[in-house]
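First comes the structure, then the notes that go with it.
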Amino acid sequence: MSETFDCAKCSESLYGRKYIQTDDGPYCVPCYDNTFANTCAECQQLIGHDSRELFYEDRHFHEGCFRCCRCQRSLADEPFTCQDSELLCNDCYCSAFSSQCSACGETVMPGSRKLEYGGQTWHEHCFLCSGCEQPLGSRSFVPDKGAHYCVPCYENKFAPRCARCSKTLTQGGVTYRDQPWHRECLVCTGCQTPLAGQQFTSRDDDPYCVACFGELFAPKCSSCKRPITGLGGGKYVSFEDRHWHHSCFSCARCSTSLVGQGFVPDGDQVLCQGCSQAGP
């Protein structure tokens, strides 16, 4: 008696029929496909043993079903992208989801180096300083009315310049006579002492500290011989070509303050009326 040669699934004889051998035994083609073939994620039909099968992640496709969901181009030998479970060729993906370079207008391809700022996108090589036209890359930059400048170009173009040294002021600084100055450039014309944060005055547009201005230009008190600057609310009295600090304007004999009082000049001295009437 001859040995049977039947399908492991349907038990039909395989003599004279095409079959597929597995570890579990031989299968006729219909039974093999029904048992082992994957279902195409696109057409929902079985992918037969004689079909070329493609798969992506946990999904399987007939070769003809593995295509771009927008333009229907075959993706069998094309680069592609998956977006929200849809397969897209690179052209369709770029058209739908990629940004346009704000400089050259071309598509910024997925995976390429790009820069984004203010809701706009640039190819890395297109994001240039509006001054020197060099790529900004990861360098610091300053935006200005739609343009972008590297820090040196921005400072050269827009930053204020010191009235003394003409170099740009990048931070800090002081204002004197409505002009910007570096703090270290605003110094006394006489002694070169820094004046920022100190009381000072000027002569012929040149700044002077209080001490230098007093020594060089202020009248001298006829009593104490120190300069009368009038700065800081200091008051003084003048008579003819002589001057006195308020605190120094007193009777030469009794030392009574003569501020707001009548007085009598006596040579280089001034006397109160009482001492004047008393005689020498």
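The values are calculated or read from the model by the stated rules, or taken from the named source; none is laboratory data. It should be emphasised that the depicted structure is a prediction, and the values quoted were computed from it without experimental measurement. Note: ideal-geometry Cβ built from the backbone for every residue, glycine included; neighbour counts use all protein chains shown. The protein model used for the area step is the full one, side chains on, heavy atoms only, and it has no ligands, DNA or RNA in it. Shrake-Rupley method; radii C 1.70, N 1.55, O 1.52, S 1.80 Å.
Laid out as a table, the results:
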{"read-out": "Cys69 being within 35 Å of the chain's Cα centre (by Cα) and either part of a loop (DSSP other than H, G, I, E, B) or more than 14 Å from Cys40 (Cβ to Cβ) (or both)", "value": "no"}
{"read-out": "Residues satisfying the stated conditions in the stretch 148-166, i.e. at pLDDT 85 or above and among the charged types (D, E, K, R)", "value": "Arg161, Arg164"}
{"read-out": "Subset of the stretch 123-153 [in contact with an Asp or Glu (Cβ under 7 Å, 6 or more places away or on another chain) and farther than 24 Å from Thr107 by Cβ]", "value": "none"}
{"read-out": "Elements of type strands (runs of 3 or more DSSP E) contained in the stretch 18-64, each with 2 or more residues being in contact with a helix residue (DSSP H, G or I) (Cβ under 8 Å, 6 or more places away or on another chain)", "value": "19-22, 53-56"}
{"read-out": "Among (1) under 20 Å from Arg177 (Cβ atoms); (2) in a strand (DSSP E or B); (3) of a type outside the set (A, V, I, L, M) - the single one Gln192 does not satisfy", "value": "(2)"}
{"read-out": "Exclusive hit being open to solvent by 70 Å² or more (accessible area, probe 1.4 Å), closer than 21 Å to Tyr93 by Cβ, free of Cβ contacts under 8 Å to residues at least 24 places away in the same chain and not polar (S, T, N, Q), set Phe55, Phe36, Phe61", "value": "Phe55"}
{"read-out": "Residue match in the stretch 208-216 (condition: in contact with a strand residue (DSSP E or B) (Cβ under 8 Å, 6 or more places away or on another chain), within 27 Å of Pro152 (Cα to Cα) and surrounded by 13 or more Cβ atoms within 10 Å (Cβ to Cβ))", "value": "no"}
{"read-out": "Residue in the stretch 117-136 that is over 30 Å from Phe158 (Cβ atoms), open to solvent by 50 Å² or more (accessible area, probe 1.4 Å), of a type outside the set (Gly, Ala, Ser) and assigned to a loop (DSSP other than H, G, I, E, B) present", "value": "no"}
{"read-out": "Matching residues in the stretch 148-196 - criterion: being open to solvent by 40 Å² or more (accessible area, probe 1.4 Å), more than 30 Å from Ser130 (Cβ to Cβ) and among the β-branched types (Val, Ile, Thr)", "value": "Thr189, Thr193"}
{"read-out": "Considering residues of the stretch 75-108 that are open to solvent by 40 Å² or more (accessible area, probe 1.4 Å) and hydroxyl-bearing (Ser, Thr, Tyr) only, the residue nearest to the chain's Cα centre (by Cα)", "value": "Ser102"}
{"read-out": "Qualifying position, being part of a strand (DSSP E or B), crowded, with 16+ Cβ neighbours inside 10 Å and touching a residue at least 12 places away in the same chain (Cβ under 8 Å), among Val264, Val237", "value": "Val237"}
{"read-out": "Extreme residue, least open to solvent (accessible area, probe 1.4 Å), among residues of the stretch 267-280 that are within 14 Å of Trp244 (Cα to Cα) and either in contact (Cβ under 8 Å) with a residue 40 or more places away in the chain or of a type in the set (S, T, N, Q) (or both)", "value": "Gln269"}
{"read-out": "Yes/no for Thr256 being among the polar types (S, T, N, Q), modelled with pLDDT of 85 or more and open to solvent by less than 80 Å² (accessible area, probe 1.4 Å)", "value": "yes"}
